[in-house]
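J.: For reference, the structure I am asking about is given below.
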Amino acid sequence: MKKTSIAVNTVLYYILLLAGLLTISTACEDEELSPYVEPLPVVHAYAKIPAESPDDFIAGALDAAINANIQWVSIDRKLEVQKIDLYILFSEEYVDPSDNPTVARHGGDEGIFFKSIEGGDLKGNRENASFTVSQADVLSLYQNATYDYNGDGNPVPVFNNTIKPSRSAAMPFIPGDNFTVRWELTTTSGLVFDSWSPSVCTEFETYTGSDYNDGGVNCTLDWTVVQP
């Protein structure tokens, strides 16, 4: 009897084990339970300042412009960009009342709308379009900006404050001022791409694969003010 009991239990064990393996196999083949998700189409952009253009603003040269190229990139070619909106951010370094170096971010994280590139000015996938920006352009966007430098609830005009007495009508921007252009891409299907993951913004900037005419992918273009 003991031998019969052992044999029956062994047979039942293998039957249950086989049933379990079949269940696992079926689950792995079920598409609804599969961990793979088809990636959605996405577009990026890449901008840079060409070698023949100044890299930075020169203090006092209000009309001297930085020239930049920008191209939109659709790796899978499933989307087409019909408009690139450019926004400019302006930041300045200063020392707060507690003698701590800090940064005033005028325009916040979004910046102020500068211009759109569209229609005949916007090229095809991986083809450079161009734009220019001068100190006069940035000043027109931020000329009425105020900031609470002392943290006392009393903001003062950015271009007329005692913290930066070196600012003047002839030299509204001074060394230590920093600028950023960011962009938003609108596709022909109405999708808007206004942000990307940090890995996209930093890891692919220097990519030089054959799929790109002019480099990789970035999310902003930055420069500063230098002495003449």
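The values are calculated or read from the model by the stated rules, or taken from the named source; none is laboratory data. Keep in mind the model is a prediction, meaning the values are calculated, not measured. Please note: Cβ atoms are built from the backbone with ideal geometry, for glycine as well, and neighbour counts cover all protein chains shown. All accessible areas refer to the heavy atoms of the entire protein, side chains included, with ligands and DNA or RNA removed. Shrake-Rupley method; radii C 1.70, N 1.55, O 1.52, S 1.80 Å.
J.: Does any residue in the stretch 78-97 that is small (Gly, Ala, Ser) come within less than 6 Å, Cβ to Cβ, of a residue that is open to solvent by 20 Å² or more (accessible area, probe 1.4 Å) six or more places away or on a different chain, and which pairs are these?
T.: Pairs found: 91/103; 91/105; 91/178.
J.: Could you list, in sequence order, all residues of the stretch 119-134 that are in a loop (DSSP other than H, G, I, E, B) and open to solvent by less than 50 Å² (accessible area, probe 1.4 Å)?
T.: 122, 124, 125, 126, listed by residue number.
J.: Go over the candidates 137, 85 one by one and state the one that is of a type in the set (Asp, Glu), surrounded by 13 or more Cβ atoms within 10 Å (Cβ to Cβ), within 14 Å of residue 180 (Cα to Cα) and touching an Asp or Glu at 6+ places or on another chain (Cβ under 7 Å).
T.: Testing whether each residue is of a type in the set (Asp, Glu), surrounded by 13 or more Cβ atoms within 10 Å (Cβ to Cβ), within 14 Å of residue 180 (Cα to Cα) and touching an Asp or Glu at 6+ places or on another chain (Cβ under 7 Å) leaves just 85.
J.: Give 91, 116 a once-over and let me know the one that is under 22 Å from the mean Cα position of the chain (by Cα), under 21 Å from residue 170 (Cα atoms) and surrounded by 13 or more Cβ atoms within 10 Å (Cβ to Cβ).
T.: Every option except 91 fails the conditions.
J.: If a residue has to be buried (at least 18 other Cβ atoms within 10 Å of the Cβ), within 16 Å of the chain's Cα centre (by Cα) and either at pLDDT below 95 or under 15 Å from residue 44 (Cα atoms) (or both) to count, how many in the stretch 170-192 make the cut?
T.: Residues in the stretch 170-192 being buried (at least 18 other Cβ atoms within 10 Å of the Cβ), within 16 Å of the chain's Cα centre (by Cα) and either at pLDDT below 95 or under 15 Å from residue 44 (Cα atoms) (or both): 5 in total.
J.: Output the residues belonging to the stretch 58-79 that are open to solvent by 10 Å² or more (accessible area, probe 1.4 Å) and of a type outside the set (A, V, I, L, M, F, W, C).
T.: 60, 63, 67, 69, 76, 77, 78
J.: Name the residues in the stretch 153-164 that are part of a loop (DSSP other than H, G, I, E, B) and either open to solvent by less than 50 Å² (accessible area, probe 1.4 Å) or farther than 16 Å from residue 97 by Cα (or both), would you?
T.: Of everything in the stretch 153-164, those that are part of a loop (DSSP other than H, G, I, E, B) and either open to solvent by less than 50 Å² (accessible area, probe 1.4 Å) or farther than 16 Å from residue 97 by Cα (or both) turn out to be 158, 159, 160, 161, 164.
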